[in-house]
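Just so it is clear, none of the values below were taken in a lab; they were calculated from the coordinates. Remember, it's a predicted structure, so these values are computed and weren't measured experimentally. No Cβ is skipped: glycine too gets one built from the backbone with ideal geometry, and neighbour counts run over all protein chains shown.
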Amino acid sequence: MNKLVVASLAVSMAVLVSAAQAAVAPGQAAPEFSLVDINGKVQKLSDYRGKYVVLEWFNSECPFVQKHYESGNMQALQARYTQKGVVWLGINSTSPRHSNYRDPARSQAILKEWKSAPTAFVLDPDGKVGKQYGARTTPHMYVIDPKGTLVYVGGIDDKPSISQRDIATAKNLVAAALDESLSGKPVGTPSAMPYGCSVKYDN
Amino acid sequence: MRWFVLCFILLITAPVSISPVAAAPVQRPHIEAELIPEKTSLHPGEPVIVALRLQMEKRWHTYWKNPGDSGLPTRITWTLPQGFSAGPIQWPAPRRINVGPLTNFGYEGEIFLLTDIQVPAGLAAGTAVPITAKADWLVCEEICIPGDATFSFMLPVSNEPAAADPKWAKAIERTRGQLPRPLEGWNLDAYLRGDDLVLRLSSGQARVVRIHNLTFFPDQDGWIENASPQRMIRTAGGYELRVASAAAIRSKSGRLTGLIVAEPGLAQGVAAAVVEVPVESASALADEILEQPALSPFADLGLLAALGLAFLGGVILNLMPCVFPVVSIKVLSFVEQARGNPARLRAHGLAFAAGVLVSFWVVAGILLALRAQGAALGWGYQLQSPPVVAALALLFFVLALNLSGLFQVGTSLQSLAGKLRLRNDYADSALSGLLATLVATPCTVPFMGAALGFALTQPAIVAMLVFSALALGMSGPYLLLCFWPALIRRIPRPGRWMETLKQVLAFPLYLTVVWLAWVLGRQAGVDAVARLLTGLTLVAAALWMIGRWRASTETGKRAAMIVALMLAVAGCVFAWPGNKTAEAVAEEVSGPWKRWSPDALASARAEGRAVFVDFTAAWCVTCQVNKRLVLESDALQARFEERNVVRLRADWTNQDAQITAALRDLGRIGVPVYAVYAAGSKGAPTLLPELLTQQRVLRAIDEAAPPS
């Protein structure tokens, strides 16, 4: 009997560990992380328990990210939802060895130029957090509810394209997930295919 | 109404004179794009194929309809006259393209994306029709660059049979021939087993088509972990492909659609098939085969890598204690004979290499033929037969006595090979090659397991190539010597040193005999060993007589030879162990090591414990060295205990179909194999290198069973 308990504990531990290593799905607990933001402040996911949190995977050199910033789409989303008390965290998992890497100072300049105003912007140079979340593309969006459960994982909208013109006709799935959650409704589309450039992880 | 349409078409087409047919290729960063109609004119009512040709720069790629982890599929937007309509892009089978830890599905090099254009029937000959298309793509290497181009051309309408595009028609035809087709001749079902999405491909035919690589591409995101390796396993009636499922798969509904791509193919000329199946979460099936180990990490080993490893393994074989004394002396002797005559020397070298090559082909050929008939054999099967072990012991013993100087046979074994002797003594060199292969059989060396494991999962021709590389590696150093006479000048002239060297080199051979006797003991018991030793003694007496009375008078010599022959025959008969094996003795399982069986492994893993499996055999020297020096060391045993690791030993000294099957599932065909299953994992084991070090095993234990 004892053996059985130990065995099932071991199995569930292993399941937990492997789940933590693989991508995450809606309904699962958002993995905890602690990363330093571009102002030198430590940002922990658990600090924001009790609030909705949006994670936005970012790489300023990626044309898909540029699509949503040069059109002002992403900044508008950030402004609209941070005003409603949502925490918006930008994350860059680009490896320092990749030409797309931008250090904290340059990241600050880029955010300023684009008038981007997330709650905080963190770097994940070893890609640990990105891989933990299974972030594949920039952008790749995650919405976490006040209990720390993922309610949306996927692309920013339902029109995978490079063209700014498509933004107007696409359904913004992050906005939809936040609107539904904030008004107490279940999220209609909890996951969708993320689209964009590959995250430039350290190999 | 029809008139109206016709007038409309005439209206839009009339002002255009018949002009260039294909749009000129456009250059964009890292890609060239071109829109090509398959035919140079339109036939009313007959569809026409239009191809978008994309030529990517080296290392750059574009995407399939499901781009995988990132990227965007290529798109074509058509602007066509009324009455015309364009079908969807007919996607050729994509490839997996790895970008760091992510995987995309796409194309490299040159591709043709075909679209069928429906042409209305009421077209008037002599007019021309404008075809316009805008293509959008994303071309990526490490970074991505979006691109687009708009193409326009006029296609003349003609009632004459249309001519094919002179430049591209063949490539377009080839692309069409290779497009994925509906799956035929196979049944496919899909189900979830643990975290794996399992696709089971079962053959409708009695003879299962040989496939050595399968890849699945889902049409939609969210079914599989794109970057996880896909593992193919051979099953009784076909193949099984295990693919890590995506985290979101449980929320998926509807049928799974996608492509199955097989190498060399699913049927003659069919490499890719379209599949559509419901996904069952068959837990009943899950329990049944839950614990089968997964396929080889060497399935990914390319042909060149396998050939390289085989060659290297062959070179290293020369240094093994069973090979070096025999081969070096033999080769030195023919080198000596041909000293100062480069042409003869080269011929000797080639004859030796040919001998090695041919005998390897024979061994490999027998192995492949037996396996084709379904025999569960692996590399090393030769030594699973007690008569072969006894015969090898006898051979090594005779060679050792010869080196010790007990008897001289001409210059070497020529009298044994007397009948095969040709006018010259090149045959002797070739026989030396055969001898080299024979004596090398017992020695498994690092690298060889991997190369041979790869070989046997491949078609026969590839297997033969790998064995050839092994043979060339083995004869390589000597060929070098024969083709580079400068090296020979560094070898001192024969003299007393050569005699001494021979006598010294006899001792490793005696030890080889001891070891073979021990193997025989494990296989057939102590009685067989006693008989072997008696036989060896009789043969030694016979050889002694030959040596002693060789130079005596005619009658004395004849009598001695007759007695010697009788002794030798008696010795051989005595030593013959018969084919029955002693089951109890082969078991090399004691103390903390438990006997391996699929059930033992499954139950240990079901308990969530880490498992270390030692696939071993008495006749495998590397196995024995690893066992004595590493596995049985106190440090390791203590660590195994501390981390509660189950230790299983699979003893392959005698034939054992279960062990052979387990080795095959691991992608190996010989021992040693060390498989480490992590605690609580359902996945494939980690395989350790064939030469173990204590650090490596300690690290493997730490990974498989982390300290609590």
**Study point:** All lysines inside 29 Å of A:K84 as judged from Cα atoms, apart from same-chain residues fewer than 8 positions distant
**Key:** A:K41, A:K44, A:K51, A:K67, A:K112, A:K115, A:K147, A:K159, A:K171, A:K185
Review point. Can you pull the Rg over Rh of the range A:70-112, Cα-only, Kirkwood?
Key: 1.05
Exercise for review: Please report, largest first and rounded to whole Å, the three semi-axes of the ellipsoid equivalent to the range A:20-67, where each semi-axis is the square root of five times an eigenvalue of the C-alpha gyration tensor.
Suggested key: 22, 18, 11
Check your understanding: To one decimal place, what orientation-averaged projected area in nm² is obtained for the convex hull of the Cα set of the range A:31-165?
Key -> 7.7 nm²
**Study point:** Cut-off 10 Å between beta-carbons: net charge of the residues surrounding B:K39, Lys and Arg +1, Asp and Glu -1
**Key:** -3
Review point. What dipole magnitude, in Debye to the nearest 20, does the range A:75-199 give about its Cα centre under +1 on Lys/Arg Cβ and -1 on Asp/Glu Cβ?
Key: 160 debye
Review point. Given that compact globular proteins tend to follow 2.2 N^0.38 Å, what is the ratio of the alpha-carbon Rg of the range A:61-139 to that value?
Key: 1.09
Revision key, fill the gap. Percent of all Cα-Cα pairs per 5 Å bin for the range B:616-679, counting from 0 up to the last occupied bin, reads 4, 16, 24, 24, 18, 12, 3
Review point. Within the range B:117-180, which trypsin sites (Lys or Arg not before Pro) sit in a loop by DSSP and count at most 12 neighbouring Cβ atoms inside 10 Å?
Key: B:K167
Point to revise | Over chain A: helical MRE at 222 nm, DSSP H runs n ≥ 4 each giving -39500 (n - 2.57), nearest 500 | key: -10000 deg cm²/dmol
Study note, to complete from the structure: Computed curve, the range B:118-270, Cα-only Debye sum without solvent term, log₁₀ I(q)/I(0) at 0.09, 0.12, 0.14, 0.15 Å⁻¹, is -0.52, -0.79, -0.92, -0.97
Review point. Is any helix in chain A, taking whole DSSP H runs, at least 15 angstrom long along its axis by alpha carbon and on average at least 1.6 on the Kyte-Doolittle scale, and which ones?
Key: none
Practice item. Obtain the nm distance between the two label points defined at A:E113 and B:I461 by a simple spin-label model: each point lies 7 Å from its Cα along the Cα-to-C-beta direction. Key: 5.6 nm
Point to revise | Derived scalar couplings ³J(HN,Hα) [the range B:535-541; Karplus, 6.51 cos²θ - 1.76 cosθ + 1.60; whole Hz; x for Gly, Pro] | key: x, 4, 4, 4, 5, 4, 4
Practice item. Scan around B:G683 for amide H atoms under 5 Å from its own, H built in the peptide plane at 1.01 Å from N, and keep only partners 5 or more places away or cross-chain. Key: none
Check your understanding: Nearest 0.05, what FRET efficiency do A:K128 and B:Q694 give at R0 = 25 Å with Cβ-Cβ as r?
Key -> 0.25
Revision key, fill the gap. At R0 = 25 Å the Cβ-Cβ FRET efficiency linking B:M498 and B:K557, nearest 0.05, sits at 0.35
Exercise for review: From zero up to wherever the largest Cα-Cα distance of the range A:126-170 sits, split into 10 Å bins and tell me the percent of pairs in each.
Suggested key: 23, 42, 28, 7
Exercise for review: Provide Rg over Rh for the range B:207-249; use the alpha carbon set for both Rg and the Kirkwood Rh (inverse mean inverse pair distance).
Suggested key: 1.04
Exercise for review: Over chain A, calculate the relative contact order: mean separation of alpha carbon pairs under 8 Å at least 6 apart, over the residue count, as a percent.
Suggested key: 28 percent
Revision key, fill the gap. The relative contact order of the range B:601-708, taking Cα pairs under 8 Å that sit 6 or more residues apart, comes to a percentage of 37 percent
